[in-house]
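Some notes on the structure that comes next.
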Amino acid sequence: MSSSAPGPATADGEELLPAPSSLDQVKGWFFAVDQLLFDWFLTRQNSMAEPGDVLEMGAYMGKSAIFTGSYLRPGERYTVCDLFDAPAEDFANHAEMTKSYSTLTRRAFEANYLSFHDELPVVLQGLSSMVPDHVRSDSCRFVHVDASHLYEHVHGDIGTARSVLKPYGVVVLDDFRAEHCPGVAAAAWQAVTSGGLHILCITGTKLYGTWGDPSPVREELKAWLESRDDLWHGVESVAGETLIRISGKKAKYPAQPPSRHPAPVAAPKPEPAPAPVPAAKKAAASSRPPLRRFAANVLPPFITKAALSATKRRD
Ligand SMILES: C[S@@+](CC[C@H](N)C(=O)[O-])C[C@H]1O[C@@H](n2cnc3c(N)ncnc32)[C@H](O)[C@@H]1O
């Protein structure tokens, strides 16, 4: 039983694969404020020479995966895990897949990803509970948890993130305060109140945290936020945790990964059609002898008059 409906097809039934010319054209949910924060955390890790692999659970069509893949350094492994068009195992997860991701295929993800990168990440197709069998403990610097939004799955994925992250690693939990998925909120706050997770910051959709020492990175983040006029932030204390709350309604997108597909060139505008000539005028014009017609159509009036009287004289 597959959870996905067939995608668009050509006349001979072949699957039409996407060829996006910009990240904007890749379907998904990855807003400007979170792109800015991914950029900030990953660039900071790169500049501090904090090595490590990267993991995403829940890739959908690849929007956040494509963006994240641009920050990998040589030798680092990028793993993405998604069910894609494989069946979910429990009823609730199956219902979630059918409702929200019914046109998803692995081939569409891969075509999107390869529009921006030369190589695919390591792709694990199946339940995110398989990740610990494929990603080593203490090997990652950045983990994005964005697969199932049901409590049991998210709780498991947070546990996986904790075990694969290095001490300085950063975890990002998607939709931790969205109206439609209270299970993510429950799993996220449980990790904070009894699982040792420290919150670094929150946006409208994502929570950024670490199981390492949060203070240095939080202070640097605060300083960076103070320099931005497109991001509002405030510092709050929640359940004994200091966190930075960020509002990114006016956030400006960071540099986007370039696509190998050129943007479609806008077709030239067609010349406006000549105004229709009333039928009576048309008939009169075509009954005139050739010189009269030429003169009437092309020459300025005073030359027309002279030419016509010369013709008359000759007649
Ligand atoms: C919200 S989407 C991911 C969005 C993506 N990160 C982006 O930014 O566009 C959630 C994805 O999780 C996948 N998914 C749902 N349940 C899953 C599970 N139990 N294990 C692995 N992947 C799952 C779905 O197939 C879907 O592609």
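Regarding the stretch 39-54, can at least one residue be identified that is near the ligand (Cβ under 7 Å from one of its atoms), buried (at least 19 other Cβ atoms within 10 Å of the Cβ) and closer than 23 Å to Cys201 by Cα? Steps first, answer last, please.
First, pick out the residues of the stretch 39-54 that are near the ligand (Cβ under 7 Å from one of its atoms): none.
Checking the stretch 39-54: not a single residue is near the ligand (Cβ under 7 Å from one of its atoms), buried (at least 19 other Cβ atoms within 10 Å of the Cβ) and closer than 23 Å to Cys201 by Cα.
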Notebook entry, point to check: When you go through (1) assigned to a loop (DSSP other than H, G, I, E, B); (2) touching a strand residue (DSSP E or B) at 6+ places or on another chain (Cβ under 9 Å); (3) not aromatic (Phe, Trp, Tyr) one by one for Pro74, which number turns out not to apply?
Noted result: (2)
Margin query: I need the full set of residues from the stretch 138-148 which are closer than 20 Å to Leu72 by Cβ and either assigned to a loop (DSSP other than H, G, I, E, B) or away from the ligand (no atom under 13 Å from the Cβ) (or both), in order please.
Written below: Asp138, Ser139, Cys140, Arg141, Phe142, Asp146
Notebook entry, point to check: Out of all the residues in the stretch 139-160, which are without any contact (Cβ under 8 Å) to a residue 60 or more places away in the chain, under 14 Å from Val171 (Cβ atoms) and open to solvent by 20 Å² or more (accessible area, probe 1.4 Å)?
Noted result: His155, Gly156, Gly159
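Per-residue answers, yes or no, for (1) within 6 Å of the ligand (Cβ to nearest atom); (2) under 16 Å from Asp34 (Cβ atoms); (3) modelled with pLDDT under 95:
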| site | (1), (2), (3) |
| --- | --- |
| Lys63 | yes, yes, no |
| Thr68 | no, yes, no |
| Tyr78 | no, no, no |
| Thr98 | no, no, yes |
| Thr105 | no, no, yes |
Notebook entry, point to check: Of (1) open to solvent by 20 Å² or more (accessible area, probe 1.4 Å); (2) modelled with pLDDT under 95; (3) more than 9 Å from the ligand (Cβ to nearest atom), Glu119 satisfies all except one. Which?
Noted result: (2)
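Can you pull out the strands (runs of 3 or more DSSP E) entirely within the stretch 159-268 that have at least 3 residues that are farther than 18 Å from Phe31 by Cα and assigned by TED's automatic domain parsing to the domain that holds Phe116?
Passing ranges, in order: 165-174, 198-202, 232-238, 241-247.
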Check: So is Leu17 away from the ligand (no atom under 13 Å from the Cβ), outside the structural domain of Pro167 (by TED's automatic domain parsing) and either among the hydrophobic types (A, V, I, L, M, F, W, C) or touching a residue at least 12 places away in the same chain (Cβ under 8 Å) (or both) or not?
Finding: yes
Notebook entry, point to check: Out of (1) over 24 Å from the mean Cα position of the chain (by Cα); (2) in contact (Cβ under 8 Å) with a residue 40 or more places away in the chain; (3) surrounded by 18 or more Cβ atoms within 10 Å (Cβ to Cβ), the odd one out for Gly169 is which?
Noted result: (1)
Notebook entry, point to check: Out of all the residues in the stretch 59-71, which are part of a loop (DSSP other than H, G, I, E, B), under 19 Å from Met130 (Cα atoms) and open to solvent by less than 10 Å² (accessible area, probe 1.4 Å)?
Noted result: Ala59
Next item on the list: Note down all Cβ pairs under 8 Å where the first residue falls in the stretch 222-238 and is touching a residue at least 40 places away in the same chain (Cβ under 8 Å), the second is surrounded by 15 or more Cβ atoms within 10 Å (Cβ to Cβ) and among the small types (Gly, Ala, Ser), and they're at least six residues apart or on different chains.
Entry: Leu231/Gly248; Leu231/Ala251
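The values are calculated or read from the model by the stated rules, or taken from the named source; none is laboratory data. Everything quoted here is computed from the prediction, not taken from an experiment. Cβ: placed from backbone, ideal geometry, glycine included. Neighbour counts: every protein chain shown. Just so you know, the surface numbers come from the protein's heavy atoms only, side chains and all, with ligands and any DNA or RNA stripped out. Shrake-Rupley method; radii C 1.70, N 1.55, O 1.52, S 1.80 Å.
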